[in-house]
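I have placed the structure first, in the form of structure tokens, so that the comments after it can refer back to it.
The values are calculated or read from the model by the stated rules, or taken from the named source; none is laboratory data. Predicted, not measured: the structure shown is a model, and the values here were computed from it. Because the Cβ atoms are built from the backbone with ideal geometry, glycine has one as well, and the counts that use them run over all protein chains shown. To get the accessible areas, we keep the full protein, side chains included, count just its heavy atoms, and leave off ligands, DNA and RNA. Shrake-Rupley method; radii C 1.70, N 1.55, O 1.52, S 1.80 Å.
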Amino acid sequence: MACNQTLSGLANDCATSMGGIVRAYIINWDDVTGVTDSEGVINAITLEAEAKFKEYYFKRNTGSFTSTLNVDAANGVNYVSTDIVLQFTRMETAKRIEIAALAVNEVALIVLDANGKYWYFGKDNPVTATAGTGQTGTAVGDGNFYQITLQDTSSSFPLEVEVGGDGVDLSTIVG
């Protein structure tokens, strides 16, 4: 039996678009008590008392996320895996300790992309680390950094977070 879906089409988009992400907000997955969405846009996030997303800064052009649709018609499988790659310049103890904590925790994230849009990860399942590196580089001009890849597995592509107005007030959930 076919699955009937309503198709709406997409208009030609002439707006400019920039790649990359500029900030990440991360929290322990168990500290998120509710995520509410309307028509595929998240407009409310509730947290355990005293819990807050922590803000992670990194240099421009060093962070990204890539979502991949995975379909296996024979098994009836259809899900999206998203790799969120964060790179933190200059290896040092505080960053090493934080990367080590991210490597073993189950988290949820809000990511701000270079177009000013916020995206949520961890709605269906906890986000977990899948890879990480630390490197000094060889030459003076090479990068010296830690990099971690966090992966979200979900039933859909990441949902946009409506921030401000009738949406999520970041000032109440970030600290």
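When residues of the stretch 143-158 are filtered for being farther than 17 Å from TYR79 by Cα, assigned to a strand (DSSP E or B) and either modelled with pLDDT under 95 or open to solvent by 20 Å² or more (accessible area, probe 1.4 Å) (or both), how many remain?
Here is the first cut: in the stretch 143-158, the ones farther than 17 Å from TYR79 by Cα are 143-149.
Those still in the list that are assigned to a strand (DSSP E or B) too: 145-149.
Still in the list and also either modelled with pLDDT under 95 or open to solvent by 20 Å² or more (accessible area, probe 1.4 Å) (or both): 145-147, 149.
Matching residues across the stretch 143-158 total 4.
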Residue in the stretch 99-135 that is surrounded by the fewest Cβ atoms within 10 Å (Cβ to Cβ), counting only those that are in a helix (DSSP H, G or I) and in contact (Cβ under 8 Å) with a residue 24 or more places away in the chain: VAL104
Contacts under 6 angstrom Cβ, first residue in the stretch 143-162 being of a type in the set (S, T, N, Q), partner part of a loop (DSSP other than H, G, I, E, B), 6 or more apart: ASN144/ARG90; ASN144/MET91; ASN144/THR136; ASN144/GLY137; THR153/ASN125; SER154/ASP124; SER155/ASP124
Residue within the stretch 77-88 that is loosely packed, with under 10 Cβ neighbours inside 10 Å and at pLDDT 95 or above present: no
